[in-house]
Amino acid sequence: MSMADSVRAAGEVEQALRESVEGRQFGTIEVRKIIALLGEDADGQTAVYLELILSDPTGATWPIEDAQQLRRAIREQLVSEPPGLPFYVTLRPEHEAPQADEDAEGTN
Amino acid sequence: MQRVIRPAWLLRQADELGYRQAGPGQPRNSNLRRAVSAAYYALFHAIGWAIANQLLPAGSLEEQAGLTRSVDHGALRNVCGWIAKGESPPQHVADLVKVVQGDTVIVDLAEAFLELREKRHAADYDHLADFSKEAVLNLVDSARSAVKALEQAQAAGSATLARFLTLVSLKTAIR
């Protein structure tokens, strides 16, 4: 697939998922925004990386059942209308806690 | 001391590195990266043990451990891609793959493997990869859920799991 075709495929995936998933609730998770980016995957293939910005979890992370429900919805859509590129999903909270001080002493 | 690699121990390590019990705030980036790697290897080794057990159910621990050494990351990636991402398998196994695709438990497991493998690669090699505690702990939970589903399917004698493990074994062969 040419780079132009890959860019078009990523745009189509983003648009399709925005229509079907953005704003939807999966258990406790609400999908706030979807961003599709192109990159090179672990096998050196051009791939679509889907970043899903989600409502912040109430605990350390989102309940796994809710996250699986969300992943299944994405998968069903992309397998039924394959973009012709490998795709990967990254979940992100709307608000991230500040980064740790990497140089500080201590265990974490 | 000789100790086998137990998936549960790797998952516990991933929880610790991901700061699960420690309250708000991000752990160190290097700890988040190692947590992703530990979670990936927990699932990889769980699949390896399941394959060894299927191929040699009466084998000794040493024999089964030896077999797990042959399980190939790339072969596993290919089979999981056929099952969870709609990638095209060879024609002669297409019907077999279709049967496995009908089992949500195995499809979830295959997708979890692919996501973990990709993130593990980024964690180890990509300086610009972005990791947050929330996302990393979700990956750890995905790995834990997949390991549990694998063990339950194996205990129940799942014929779909047997098909999945057979595809991985044949794709791998001995190396």
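Straight-line cross-link partners of B:LYS85 among the lysines, defined as a Cα under 17 Å from its Cα and at least 8 positions apart when in the same chain: B:LYS98, B:LYS119. Pairwise inverse Cα distances across chain B, averaged and inverted, put the Kirkwood hydrodynamic radius at 16.7 Å. Compared with the dominant Cα axis of chain B, that is its longest principal axis, helix B:29-55 is turned about 20°. A crude spin-label estimate for the pair A:MET3 and A:LEU38, with each label 7 Å from Cα along the Cβ direction, gives 0.7 nm.
Can you give the angle from 0 to 90° between the axis of helix A:3-20 and the longest principal axis of chain A, with both taken from C-alpha atoms, to the nearest 10? For helix A:3-20, the angle is close to 70 degrees.
Between the Cα long axis of helix B:73-84 and the first principal axis of chain B there is an angle of about 80°, rounded to the nearest 10.
The phi-based Karplus calculation (6.51 cos²θ - 1.76 cosθ + 1.60; θ = phi - 60°) puts the 3J(HN,Hα) values of the range A:49-65 at 9, 9, 9, 10, 8, 10, 4, 5, x, 7, x, 5, 8, 7, x, 4, 5 Hz, whole numbers, x for Gly and Pro. Under a 5 Å amide H cut-off, with hydrogens placed 1.01 Å from N, A:VAL89 pairs with A:LEU50 among residues at least 5 apart or on other chains. The C-alpha atoms of the protein assembly as shown occupy a region whose extents along the principal axes are 51, 48, 34 Å, arranged from largest to smallest. For the pair B:MET1 and B:LEU56, a Förster radius of 25 Å applied to the C-beta separation gives a FRET efficiency near 0.50, rounded to the nearest 0.05. Inter-chain neighbour count for B:13-19: the average number of beta-carbon atoms from partner chains within 10 Å of each residue's beta-carbon is 2.
Kirkwood hydrodynamic radius of chain A, from the reciprocal of the average inverse Cα-Cα distance over all distinct pairs: 15.2 Å. Our note on the geometry: Cα centres of the range A:23-65 and the range B:1-80, 24 Å apart.
Among the trypsin sites (Lys or Arg not before Pro) found in the range B:1-108, those both in a DSSP coil and sparsely packed, with 15 or fewer other Cβ atoms within 10 Å of their Cβ, are B:ARG3, B:ARG69.
Neighbours of B:GLU111, meaning other residues whose beta-carbon lies under 10 angstrom from its beta-carbon, give a summed charge of +2 when Lys and Arg score +1 and Asp and Glu score -1.
Where a number appears in this text, it was derived from the coordinates with a stated rule and is not lab data. All values derive from a computational prediction rather than experimental measurement. Every residue, glycine as well, gets a Cβ built from its backbone with ideal geometry; the counts of neighbours run over all protein chains shown.
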